[in-house]
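What follows is a set of notes on a single structure, which appears directly below.
The values are calculated or read from the model by the stated rules, or taken from the named source; none is laboratory data. Predicted, not measured: the structure shown is a model, and the values here were computed from it. Positions of Cβ are backbone-derived with ideal geometry, glycine not excepted, and every protein chain shown enters the neighbour counts.
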Amino acid sequence: MNTKAIYAACLFAALNICTLSARAEADVAPKTYTYGTQLDIKKVVSLTEDTAPSCGVVNARLTYLDSQSKTQALDYRKLADNCNSEN
């Protein structure tokens, strides 16, 4: 077997794994954060936020693995990342 075929097979396998994990994230029903919500975060998978043209409060989502390695999602509100350069 030549090396190009092996590299192609490895690349195909890696892409399939990435696609499966992205689908798993999409299937998770997000919970909305409220003050006092108990969080069980083992590892953060992704942080996303709505785009805002200026500084202000935006919706954000935290996707994470809990202590049993199950994917969870949490919606919350925060100041936009572009507020960092303003006073």
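Kindly evaluate Ala73 against the criterion of being surrounded by 15 or more Cβ atoms within 10 Å (Cβ to Cβ) and in a loop (DSSP other than H, G, I, E, B). Please lay out each step first, then the result.
On the way: surrounded by 15 or more Cβ atoms within 10 Å (Cβ to Cβ): yes; in a loop (DSSP other than H, G, I, E, B): no.
It is false that Ala73 is surrounded by 15 or more Cβ atoms within 10 Å (Cβ to Cβ) and in a loop (DSSP other than H, G, I, E, B).
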Any pair with Cβ under 6 angstrom, 6 or more apart, that starts in the range 50-75 at a residue that is in contact (Cβ under 8 Å) with a residue 40 or more places away in the chain and ends at one that is of a type in the set (Gly, Ala, Ser): Thr71/Ala24
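With the structure loaded, tell me whether Thr19 is at pLDDT 65 or above and of a type outside the set (Phe, Trp, Tyr) or whether it fails that test. Explain how you work it out, then say what you get.
Values: at pLDDT 65 or above: no; of a type outside the set (Phe, Trp, Tyr): yes.
Spelling it out, it is not the case that Thr19 is at pLDDT 65 or above and of a type outside the set (Phe, Trp, Tyr).
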Of all residues in the range 49-70 being loosely packed, with under 12 Cβ neighbours inside 10 Å and of a type in the set (Ser, Thr, Tyr), the one that is modelled with the lowest pLDDT: Ser54
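Those residues that are outside any strand (DSSP E or B) and over 16 Å from Lys31 (Cβ atoms), I need them from the range 50-66; list them, please. Reasoning before the result, please.
Step one: of the range 50-66, the residues outside any strand (DSSP E or B) are 50-56, 66.
Within the range 50-66, Asp50, Thr51, Ala52, Pro53, Ser54, Cys55, Gly56 qualify.
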Of all residues making up the range 38-49, the number that are assigned to a loop (DSSP other than H, G, I, E, B), free of Cβ contacts under 8 Å to residues at least 24 places away in the same chain and either within 26 Å of Cys83 (Cα to Cα) or touching a strand residue (DSSP E or B) at 6+ places or on another chain (Cβ under 9 Å) (or both): 0
